[in-house]
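Enquirer: Structure below; questions to follow.
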Amino acid sequence: MNRREMLKKSMFGGILLGGIPVTEAINISNENIINAETYRQPKSKRPGALTICYGDICGSRDFPIRPKDAIATDGQIMYFLWPSPGRDSRGYLEFKNRDKIDLHRIVFRFRQSPPEAPYYLHWHKGDYYLYTAPGSLMERASALIKNNDQDDTLQALSDIRQAIILNLTIRGDGQKYLDQICDLDRAIRNSNNLFPFWDEYKELLTETRS
């Protein structure tokens with residue numbers, strides 16, 4: 001993937017997350033994560049996402065789990081089949097090659113109770129919530145930045161940027177931080193050296209946590 005393609009796929013090629021279609025946000029959050037050989041192939045051709053269960057998940061009519069009548073335990077990896085237009089979805093627990101799944105790269109969380117703010121909600125039906133929290137974004141970003149690779153660095157910066165924006169959703173003074181983010185976006189699009197921006201984003205993240 002060349003630099004232009006990577007910029008286009010990352011958050012830096014467009015506007016803030018709120019203006020990105022859900023399907024595009026899914027693709028961004030699963031860049032280089034989902035491998036067709038690592039999970040049971042569902043009959044549906046709809047896209048999905050690897051997710052970590054927070055708390056035990058009991059399947060129901062709102063969210064059936066395969067194999068039938070299975071219960072996903074806390075911390076278990078689940079393949080979430082993205083919902084149809086009727087918002088119906090389901091989860092798959094049968095995996096192949098589990099040892100090849102990098103837990104640090106899974107940003108989606110799934111639970112049967114409302115998540116604690118801040119978070120970005122991707123799907124909700126009944127008691128079930130699929131969401132992304134700043135902590136899971138930062139876990140992946142921290143893993144990617146260590147690779148010292150240009151594409152991984154850009155994805156890491158995109159993740160930490162989104163984590164900052166999530167923090168801003170529970171603050172009342174977000175505009176000054178959004179202005180700084182826009183300045184950094186512009187600088188990243190015009191720079192060939194991305195690594196120094198990591199520290200600038202970390203400072204913003206620390207400030208927006210308080």
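Enquirer: Looking at (1) in contact (Cβ under 8 Å) with a residue 12 or more places away in the chain; (2) closer than 20 Å to residue 119 by Cα, can you tell me which one residue 210 breaks?
Expert: Condition (1) is where residue 210 drops out.
Enquirer: Another question about this same structure. Would you check if residue 106 is touching a strand residue (DSSP E or B) at 6+ places or on another chain (Cβ under 6 Å), in contact (Cβ under 8 Å) with a residue 12 or more places away in the chain and either assigned by TED's automatic domain parsing to the domain that holds residue 171 or over 20 Å from residue 47 (Cα atoms) (or both)?
Expert: On the way: touching a strand residue (DSSP E or B) at 6+ places or on another chain (Cβ under 6 Å): yes; in contact (Cβ under 8 Å) with a residue 12 or more places away in the chain: yes; either assigned by TED's automatic domain parsing to the domain that holds residue 171 or over 20 Å from residue 47 (Cα atoms) (or both): no.
Spelling it out, it is not the case that residue 106 is touching a strand residue (DSSP E or B) at 6+ places or on another chain (Cβ under 6 Å), in contact (Cβ under 8 Å) with a residue 12 or more places away in the chain and either assigned by TED's automatic domain parsing to the domain that holds residue 171 or over 20 Å from residue 47 (Cα atoms) (or both).
Enquirer: Mind listing whichever residues of segment 155-210 are at pLDDT 90 or above and among the hydroxyl-bearing types (Ser, Thr, Tyr)?
Expert: Hits for segment 155-210 are 158, 177, 201, 206, 208.
Enquirer: I've got another one for you. Working only within segment 56-83, note down all residues that are hydrophobic (A, V, I, L, M, F, W, C) and in contact with a Cys (Cβ under 7 Å, 6 or more places away or on another chain).
Expert: 71, 72, 78
Enquirer: While we're here: Quick one: would you say residue 71 is of a type in the set (Val, Ile, Thr), surrounded by fewer than 21 Cβ atoms within 10 Å (Cβ to Cβ) and in contact (Cβ under 8 Å) with a residue 24 or more places away in the chain? Can you show your working first?
Expert: Working: of a type in the set (Val, Ile, Thr): yes; surrounded by fewer than 21 Cβ atoms within 10 Å (Cβ to Cβ): yes; in contact (Cβ under 8 Å) with a residue 24 or more places away in the chain: no.
Taking the combined requirement at face value, the residue does not satisfy it.
Enquirer: Restricting to segment 87-110, and then to whatever is among the charged types (D, E, K, R) and under 19 Å from residue 163 (Cβ atoms), can you tell me which residue is modelled with the highest pLDDT? Don't jump to the end; show me each part of the working.
Expert: First, the residues of segment 87-110 that are among the charged types (D, E, K, R): 87-88, 90, 94, 96, 98-100, 102, 105, 109.
Checking which are under 19 Å from residue 163 (Cβ atoms) leaves us with 102, 105, 109.
Values: 102: 87, 105: 89, 109: 95.
Only one residue tops the list, namely 109.
The values are calculated or read from the model by the stated rules, or taken from the named source; none is laboratory data. Being a predicted model, the structure only gives us computed values, none of them experimental. Don't worry about glycine lacking a Cβ; one is built from the backbone with ideal geometry, like all the others, and counts go over all protein chains shown.
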